[in-house]
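Here the structure comes first, spelled out in C-alpha cells, and everything after it is commentary.
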Amino acid sequence: MITCDSLVYQPFQPTGDALACDGVSIQSIVEHAGTPTYIYSARAIREAYRAIDEAFSAYPHAIHYALKANSTLAIVRLLRSLGSRADANSGGEIKVAERAGFPSRDIVFTGVGKSREELEYAIAQGVGTINAESAGELDRIAAIARAQHRVARVAVRVNPDIDAKSHPNISTGLKTNKFGVPLQEARSIYRARRDTKDLQFAGVHIHIGSQITTLEPLRRAAAALVSLALELQDDGFALEHVDLGGGLGIAYEGRPIINPADYAGAVIPELRRIGLPVVLEPGRAVVGHSGALVARVVDTKCFPDGRKFAVLDAGMGELIRPALYGSFHRIVPVVARRGGETAWDVVGPICESSDVFARDRMLTPVEVDDLVAILDAGAYGSVMGSNYNRHMLAAEALVDDGTWTIIRRRQTLEDVLALER
Ligand SMILES: Cc1ncc(COP(=O)(O)O)c(C=O)c1O
C-alpha cells in the first residue's frame, strides 16, 4: 500500500505484484505507449477537484483551474466537465482553455509579462477578468479596450510581501519577487483610474506562491486582500469578487500536510468580512497526485565508493522539478524485485549533472529494462517538458473507468524538424 496524505486518493497502488493506476496495469499501458510516458488517473483529478469544491461549499466560490499546472487538452476538458472555470497564464493557455470548451468569460487571465498581442486577444475574446500586474499594464489594457470599443474587466494583483514559506523559486508574494504591485500602492492605483471608462474594476487578486504547506501565510494573504477590497468599496468601487490565486501544496513526501478543508477553514472567516464571492486558482492541488512519469532503466552502474546509479530513459526534459527546485518525488519500481533496499541515485540521460531525480534513494534491486514510476508528477511535469539533447516529448495516457487512452502521442523527430529548415 502506498500511503501519503490519508485524505487524498492515491491512484498508483500495487495490484498483485505490479503497480497499477486505478487498477489498470502500468505494464500493459507502456507495452503500447512505450517509455517515458505520463500516466494520469481521471478519478484522482475528479476527487481532488471535488475536495476543493466541497471545502468551500459554505461560501460563494468559483474554481478556476490553473492551466499552467497541466494544460494537456484532455485534462483541461476533464476539468471543464467537472464545472471548473479556467486560469490562463498566456495567450496559448487561453486558446487551449477555449479549445477545451471553456467560454471566454469563464477564463481569468493572469501572469506577469503579458504581451500586447496576448492582451489584444484576451480583450477581444472578452475573458472574464484580466489580473493586471502593474499600473502600466492597466493603462495598456485600457488603451487596447478603447481601441476595440470594449470595456475590459480587470483586477490588480497585489504583492503583500508575505513569505509563503515555500521554495524560493515558487514564492511570488515577497517584495523581492517580480509579481504584482506593492500592497500599499494598490489603493492609489485603483483610485487614479476610477473614472477610466475602458476599465471595469471587477475584483482584487493575490497569489503568494505555490506548494504552500502552512496555513498562516494563506490566511494572512486573504486578510490583506480583504482589507484592501473593503477600502476600495469605501472608495466606491463595485467589486464583484476577491481572487486568492492558487498555491495549496500537496504531500510529496508522504507526510500529511494541509488539505483543502484546512485551507477553507483558514480563509473563509477572512472572506466573510466582505462577503464577496471568492475566485480560487488551484493547479497543483487538482492534478499533482493524479500523474506518474513511467520510465525504463537503461543503465545501472556502481562506482568504487559504492555509489550506485540507475539511469532512466526520462530525465529533466520530462520532469524538471527535481533539477530546478530540488523537489522530492516518490519513486517506485513497477514490479519490485526480491531483495533488501539499498541506496540508489536515480538519474536521467541528459548531459547535465543536475539531471537527477533522487540521491541515496532506498530501492529494492534495480536492473536494466525495469520500469519505475515517479509519483505525484501530474502538476508542473509534462508542461515543463523540453527537447534538450533532442529527446522527444513524452507520451501521455489517461486512465478512466478501467480503461486508458493516449491523450498525447509521443513527439517524433519529424514533428520537431518540421519547424526547421
Ligand atoms: C497567478 C497564479 N495562479 C494560480 C497558480 C497555481 O498555483 P498552484 O499550482 O500552486 O495552485 C499560479 C502558479 O504559480 C499562479 O502564478
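The values are calculated or read from the model by the stated rules, or taken from the named source; none is laboratory data. Remember, it's a predicted structure, so these values are computed and weren't measured experimentally. Note that we place each Cβ from the backbone using ideal geometry, even for glycine, and neighbour counts take in every protein chain shown. Surface areas here come from the heavy atoms of the whole protein model, side chains and all, with no ligands, DNA or RNA. Shrake-Rupley method; radii C 1.70, N 1.55, O 1.52, S 1.80 Å.
Miscellaneous remarks
- Criterion applied to Q233, Q211 was being in contact (Cβ under 8 Å) with a residue 40 or more places away in the chain, among the polar types (S, T, N, Q) and away from the ligand (no atom under 16 Å from the Cβ), and the one residue passing it is Q233.
- Positions within the stretch 399-421 being outside any loop (DSSP other than H, G, I, E, B) and either among the hydroxyl-bearing types (S, T, Y) or at pLDDT below 95 (or both), in sequence order: T403, T405
- Residues (closer than 20 Å to Q27 by Cα and assigned to a strand (DSSP E or B)) located in the stretch 301-342: A310, V311, L312, I331, V332, P333, V335
Listed here are the residues, each with its yes/no results for (1) within 18 Å of V298 (Cα to Cα); (2) modelled with pLDDT of 95 or more; (3) more than 16 Å from the ligand (Cβ to nearest atom).
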{"site": "V346", "(1), (2), (3)": "yes, yes, yes"}
{"site": "P349", "(1), (2), (3)": "yes, yes, yes"}
{"site": "F357", "(1), (2), (3)": "yes, yes, yes"}
{"site": "A377", "(1), (2), (3)": "no, yes, no"}
{"site": "S382", "(1), (2), (3)": "no, yes, no"}
{"site": "N387", "(1), (2), (3)": "no, yes, yes"}
{"site": "R390", "(1), (2), (3)": "yes, yes, yes"}
{"site": "A397", "(1), (2), (3)": "no, yes, yes"}
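- In this entry, R157 passes the filter for residues that are in a strand (DSSP E or B) and within 16 Å of the ligand (Cβ to nearest atom).
- A229 open to solvent by less than 10 Å² (accessible area, probe 1.4 Å), of a type in the set (A, V, I, L, M), in contact with a Leu (Cβ under 8 Å, 6 or more places away or on another chain) and in a strand (DSSP E or B): no
- When residues in the stretch 123-151 are screened for being within 16 Å of the ligand (Cβ to nearest atom), under 18 Å from E185 (Cβ atoms) and either in contact with a His (Cβ under 7 Å, 6 or more places away or on another chain) or not hydrophobic (A, V, I, L, M, F, W, C) (or both), 4 of them pass.
- Residue in the stretch 186-196 that is more than 11 Å from the ligand (Cβ to nearest atom), out of contact with any strand residue (DSSP E or B) (no Cβ under 9 Å at 6 or more places or on another chain) and within 15 Å of V112 (Cα to Cα) present: no
- The selection criterion, being open to solvent by 10 Å² or more (accessible area, probe 1.4 Å) and not basic (K, R), holds for L215.
- With respect to being within 30 Å of I250 (Cβ to Cβ) and either within 27 Å of the chain's Cα centre (by Cα) or open to solvent by 70 Å² or more (accessible area, probe 1.4 Å) (or both), K197 falls outside the description.
- Complete set of residues in the stretch 10-26 that are out of contact with any Cys (no Cβ under 8 Å at 6 or more places or on another chain) and in a loop (DSSP other than H, G, I, E, B): G16, D17, D22, G23
- Which numbered condition K165 misses (of (1) within 15 Å of the ligand (Cβ to nearest atom); (2) within 23 Å of L232 (Cβ to Cβ)): (2)
- If the condition is being near the ligand (Cβ under 9 Å from one of its atoms) and among the β-branched types (V, I, T), then the stretch 251-289 contributes V286, V287.
- Boolean, P322 is away from the ligand (no atom under 16 Å from the Cβ) and touching a residue at least 40 places away in the same chain (Cβ under 8 Å): no
- Among the residues of the stretch 348-371, those that are in a strand (DSSP E or B), of a type in the set (A, V, I, L, M, F, W, C), farther than 13 Å from G326 by Cα and touching an Asp or Glu at 6+ places or on another chain (Cβ under 8 Å) comprise M362, L363.
Matching residues to (1) under 30 Å from T214 (Cβ atoms); (2) surrounded by fewer than 22 Cβ atoms within 10 Å (Cβ to Cβ); (3) modelled with pLDDT of 95 or more:
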| site | (1), (2), (3) |
| --- | --- |
| F102 | no, no, yes |
| I144 | no, yes, yes |
| A147 | no, yes, yes |
| V151 | no, yes, yes |
| R157 | yes, no, yes |
| H167 | yes, yes, no |
| G180 | yes, no, no |
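- Filter result for A69 (surrounded by 19 or more Cβ atoms within 10 Å (Cβ to Cβ) and among the hydrophobic types (A, V, I, L, M, F, W, C)): yes
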